[in-house]
Structure formats: structure tokens, C-alpha cells
Amino acid sequence: MTDTSGDQGIPEPSGASDVIETDYEIGQDNIDGQLGPFGFDIHNPVFLVSGIAIVAFVFYTLALPEQAGEAFSWLFGAVTKGFDWFFLGAANIFVLFCLFLIVTPLGSVRLGGVDAKPDYTYIGWFAMLFAAGMGIGLMFYGVSEPMSHFSSSMGGTAAEGGARTDWAPLGAAAGDEAAAVRLGMAATIFHWGLHPWAIYAIVALALALFSYNKGLPLTIRSAFYPILGDRVWGWWGHAIDTLAVFATLFGLATSLGFGATQANAGLNELFGIPINNTVEVVLISGITAIALISVLRGLDGGVKVLSEINMGLAFLLLLFVLFTGPTIAILTGFGDYLLAYVEYLPALSNPVGREDVNFMQGWTSFYWAWWISWSPFVGMFIARVSRGRSVREFVICVLLIPSLVCVLWMSVFGGVAIQQVVQDGYTAAQDAELPRQLFKMLDQLPLAGITSLIGIVLVIVFFVTSSDSGSLVIDTITAGGKVDAPVPQRVFWCIFEGAVAIVLLLSAGGLSSLQSMVISTGLPFTVVLLLMCWAIYRGLASEPR
């Protein structure tokens, strides 16, 4: 991630951009000083409220793990069952709004003003969009999600008391392997394609527009200036930014929890290290310590170097699996899977009257909440590397480039695992628990020990880069939009991201507790994103084209 902003995170808009005149100055509400050898520059009250709440949450979950687990379980069921229609409907609105921006004159607005020039070439920009699209989620679900949907589709539907009890998408495809493969891959692409990237595009566009064109701080609250006016610098804005901190932190903690369980599974496969909470806590603690080193080294010396290493390793692993697996079947399947996605898209995105409630609530609702909780983090990353692009160019590329990368990844890793079942009768990956499925699939390919080790390294380095970059984003929000706040503040957030992941894993619910918290923070932030669409429209309408 490269800082393309000025000293305070707001470059001067170029051309005749409609800069918002406001008396607010970045950092005017901040408290700065020294605490022993450490300096601080924190926004009052965003840092204090969010920091105290997170610390209290950690202690509560550690002190009463059983009670916390029960509360998290209740929360997950209440939100997914009561608001599944809301998550699906909102995600549809985000896609439609992005398409609206592409086809209307608003798409010709340039981020940064009419004279702004892109900071990066297309190749460099695409590479960073690709980097944003890669993460622990792709490592964890690259094999397990296509395999899960394929297996549940093959199993057909089951009902009890008039309600579906199976986890198959839509009407399943009992006994029909070809149909089950297409439906399983279509459902997977649905969760990693246009809808999630539309979520990211909304937040990234709002941040870029109101920072680069309107001259406002690089924080979530700035997008609401057309709606709230100067009240955005008061308690309304404090609440929006605090909610963004919670959403980002719990979204990251969920990913870190999944990464720890998968790394533990890989170490068990390779070295026989036991799978238990102790090992996972040690993993999270150790990797958080590495993330701290990355934080101290700064962007260029830390996360940027690690990201480049990770992208190289991920690309090599992708090519290895592609060319050592059934290459022709994977490449032909890629096109067929995209067609299946288009075919099933209306039914999969339908928010009402669904019978596949387990799939809709347990998979799609959770995914949309998870993507929404990550949106401040990834949105800020995308915004900071997209200055100089037209809105149309921005939306098309943010929707399509990462979506195609995700589809390719799922088609290769999931396609190989499914082919192992269909063609070879190899069911070890299918029968394994989710964190093990990647490694069971690699077992059937050459150099399994080396590729499994690379997989573990990828999970760990994704863990580190996510923690470091997430700490930067949370710190920017809690420092009132400053991007040059003292490093100890990023250290604080980095430590507590790991702490939240640990205490949620140790609570009675384990991984389900992580899912519960991401759902609970994703729900209110969905409202923020819906309002953001209106604010973006208002902001673009006043811009020269």
C-alpha cells in the first residue's frame, strides 16, 4: 500500500473541482501529547470510545467465555434470520448503483479534479487491486467453499417440519454431478464476484471523492457532508467513524481467526502439531508480533515488501495447481462457471421467498456482513491508489479486475478439488474439515509437502499484511483523518486486533463467535453504506464533468 496523499492525507484538488468550504481543520478535535516515551495524537472522542469499548469487550469475553459464547450465538441467529433480506437487498442496491454510475454522465467525473493525473500505470494499479482482492479468505475458502456447495447440491434437499434443513443453494441438484458442479461454482462466484466488490467500490469511491475532490479528511464521516453538513464534525460523525472502527476490527479479527485455524491444520498435516486452542493462540500471538515489526518498519519497508512477496507466492501456487491439475478441464470450466454464475444470479440474489434458508442465512448473509465489515479497510486502500481515474474507469476496474481474479482462484483450486472427486474418486478433501481441505487437495498433486508449506506461509503473511494495513486504517480513522499519527497508536490497534481474535476463539462459540461479531457490526454499517450511495450521488452531481 502506497501513500499517495499529502501530509495530512488530503491532496489539493486540481481543476475546477467543487471543493467544500468548511471551517473544520484536520486534527482540531485531537488530543496530543506524551505518555512516557510514547507520543500520541488521537481524535476525541472516536479513539477513546472505540478503544475503551474494545478493551472492555476483551476482558468481558475472557472473564465470562460461556456467557459470551451464548450471547454471540443468539446474536448470530437473530441477525441472520431477521435481517437476511436486508443484507441481500442492500447488496443488490450497491451493484445497481455501480452500474448506474457506469452508464450515466456522472461516470465522467475525475477523482482529484478535471486535471488530475493517475498516480499509477494501469499495470501497477491493477496489481494493487489484485492485492486488495487476495486475502486469508481466498486461502480458507478457495477449496472448501466450492466443495461445500458441490457436496450439499449433490446431497439434494431435506426438510423437517416444512422447512429446509440442508445447506444446498437454491433447489440443489441431487445426483446430477454436472449440474451440482455448475451450481456449486455459481454459488461460490456469487459470494466472491460483483456483489462484494460493489460494496468495496462504494466505500472507496466515497472516500476518494470527498477527500480528493472536496478537500475533506480521509475518514468515513466525510462522505456524509452532503447529508449532515457541518454536523458531520460533531456526534453524528463521531458515531459513524466509531462504527467503522468496530466493523473493521471485527472483520479483521474474523479473518485472523480463520487464518489461525487453517495454519494450525496445515502444520498438523505437515508436522503433526496438534490442533487446539493453545496452538492457535500461539499462532495469533506470534503472527501479531511479526505484524508489529512490520508496523514499526513502516509502509514501504513492511507491508509493501510482504505484499509483493505474497503476491508472487500466490501467483506461483496458482500456476502450479493449474498446470499440475486437469489444466484443460479447469480452463474450459472457467468460462462455463462464469456462464453458470450469470444463469443463477437472479435466483441467488433474490432476497425474499427463498426455501434454501441455511444457504441464504449461513452463507450469503454472513458473507455480505463480512465484506461490509472489511469495506472501510479495503475501501481506504483502493481510494488511496485510485486518484486521477474517472468514476466510470474506477467502478468498471474495481468491479471486474478483482472479481475475475477471485473467480480464477476459485475455479482453479475448487475446480481441481471437485475434479478429484468426480474423475478420480478421491474424497479426502471432500470429507475433511474446512481448514484442512486445501491441504488434502494439494496431497494429490506433486510436491505436496512443499506446496502445503507455501500455503501455510501464504496464510501467515496474509495475516501479517492484513493486521498491519488494518491497523493503519483504524489509526487513520481514530486520528481524525491524519495519516502521520505516532506509530504507537498503530501498535495499540495491531495488538488488539490479535487480542480480539484470540478471545473470540477462546469463547464458547469459537469460530461461530467470530462470525457473530462480524454479523452484528456489519448490520448497522450496511445502513451507513446505503446512505453513502445517496451522498456519492449528491457529491458527483456537483462536480464538473
query = Looking only at residues in segment 365-398 that are open to solvent by 10 Å² or more (accessible area, probe 1.4 Å) and among the hydrophobic types (A, V, I, L, M, F, W, C), which one is nearest to S471 (Cα to Cα)?
reply = F377
inquiry  = Being touching a Pro at 6+ places or on another chain (Cβ under 8 Å), modelled with pLDDT of 90 or more, under 30 Å from H149 (Cα atoms) and surrounded by 17 or more Cβ atoms within 10 Å (Cβ to Cβ) is the requirement here; does L348 meet it?
reply    = yes
key: Test: residue in segment 108-118 that is modelled with pLDDT under 85, under 29 Å from A314 (Cβ atoms) and open to solvent by 40 Å² or more (accessible area, probe 1.4 Å)   = no
Filtered residue count, segment 33-52, keeping only those that are open to solvent by less than 40 Å² (accessible area, probe 1.4 Å) and not acidic (D, E) = 9
message = Can you tell me which condition V405 does not meet? The list is (1) of a type in the set (A, V, I, L, M, F, W, C); (2) crowded, with 17+ Cβ neighbours inside 10 Å; (3) modelled with pLDDT of 95 or more, and all the others hold.
response = (3)
request  = Report, ordered by the first and then the second residue, all pairs with beta carbons closer than 7 Å, sequence separation of six or more or different chains, a first member in segment 235-247 that is closer than 10 Å to I220 by Cα, and a second member that is part of a helix (DSSP H, G or I) and open to solvent by 20 Å² or more (accessible area, probe 1.4 Å).
outcome  = T242/V49; L243/P524
ask   = Taking segment 25-58 on its own, how many of its residues are outside any helix (DSSP H, G or I) and within 16 Å of A247 (Cα to Cα)?
value = 0
inquiry  = Checking the structure you have, find out if any residue of segment 512-526 is open to solvent by 10 Å² or more (accessible area, probe 1.4 Å), under 21 Å from the mean Cα position of the chain (by Cα) and farther than 22 Å from F47 by Cα.
reply    = yes
ask   = In segment 408-436, how many residues are under 21 Å from T332 (Cβ atoms), open to solvent by less than 30 Å² (accessible area, probe 1.4 Å) and without any contact (Cβ under 8 Å) to a residue 24 or more places away in the chain?
value = 0
task = Confirm whether D230 is in contact with an Asp or Glu (Cβ under 9 Å, 6 or more places away or on another chain), farther than 22 Å from V391 by Cβ, of a type in the set (D, E, K, R) and not in a helix (DSSP H, G or I).
result = no
ask   = Could you say which residue among G184, G193, G175, G171 is within 30 Å of F334 (Cα to Cα) and either touching a Phe, Trp or Tyr at 6+ places or on another chain (Cβ under 6 Å) or of a type in the set (K, R) (or both)?
value = G184
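From W236, W197, grab the single residue that is surrounded by fewer than 24 Cβ atoms within 10 Å (Cβ to Cβ) and either modelled with pLDDT under 90 or in contact with a Leu (Cβ under 7 Å, 6 or more places away or on another chain) (or both).
W236
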inquiry  = Looking only at residues that are of a type in the set (F, W, Y) and either open to solvent by 20 Å² or more (accessible area, probe 1.4 Å) or out of contact with any Ser or Thr (no Cβ under 7 Å at 6 or more places or on another chain) (or both) in segment 68-99, which one is farthest from A206 (Cα to Cα)?
reply    = W74
message = Show the residue pairs meeting these rules: Cβ distance below 9 Å; 6+ apart or different chains; first residue within segment 68-85 and farther than 17 Å from W370 by Cα; second residue among the small types (G, A, S) and surrounded by fewer than 21 Cβ atoms within 10 Å (Cβ to Cβ).
response = A68/A508; G69/A508; G69/G510; G69/S512; E70/A508
task = Give segment 239-276 a look and list any residue that's open to solvent by less than 20 Å² (accessible area, probe 1.4 Å), more than 14 Å from the chain's Cα centre (by Cα) and of a type in the set (G, A, S), or say none.
result = A260, A263, A265, G266
key: Search result, residues across segment 155-180 that are in a helix (DSSP H, G or I) and open to solvent by less than 20 Å² (accessible area, probe 1.4 Å)   = A180
inquiry  = Six or more apart or on different chains, Cβ atoms under 6 Å: show the pairs whose first residue is in segment 303-328 and under 27 Å from V491 (Cβ atoms) and in contact (Cβ under 8 Å) with a residue 24 or more places away in the chain and whose second is of a type outside the set (A, V, I, L, M, F, W, C) and open to solvent by less than 60 Å² (accessible area, probe 1.4 Å).
reply    = V303/S294; V303/T465; V303/D468; V303/S469; L306/T465; S307/T465
inquiry  = For segment 200-233, which positions are charged (D, E, K, R) and either under 17 Å from D29 (Cβ atoms) or surrounded by fewer than 22 Cβ atoms within 10 Å (Cβ to Cβ) (or both)?
reply    = R221, D230, R231
query = Scanning segment 448-458 for residues that are touching a residue at least 24 places away in the same chain (Cβ under 8 Å) and more than 13 Å from R436 (Cβ to Cβ), which turns out most open to solvent (accessible area, probe 1.4 Å)?
reply = L453
ask   = Is it fair to say P196 is touching a residue at least 40 places away in the same chain (Cβ under 8 Å) and farther than 30 Å from A535 by Cβ?
value = no
remark   = Given the conditions (1) touching a strand residue (DSSP E or B) at 6+ places or on another chain (Cβ under 7 Å); (2) outside any helix (DSSP H, G or I); (3) modelled with pLDDT of 80 or more, every one holds for Q489 apart from (2)
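The values are calculated or read from the model by the stated rules, or taken from the named source; none is laboratory data. These numbers come from a predicted model, not from an experiment. Every residue, glycine as well, gets a Cβ built from its backbone with ideal geometry; the counts of neighbours run over all protein chains shown. Accessible surface areas use protein heavy atoms only, side chains included; no ligands, DNA or RNA. Shrake-Rupley method; radii C 1.70, N 1.55, O 1.52, S 1.80 Å.
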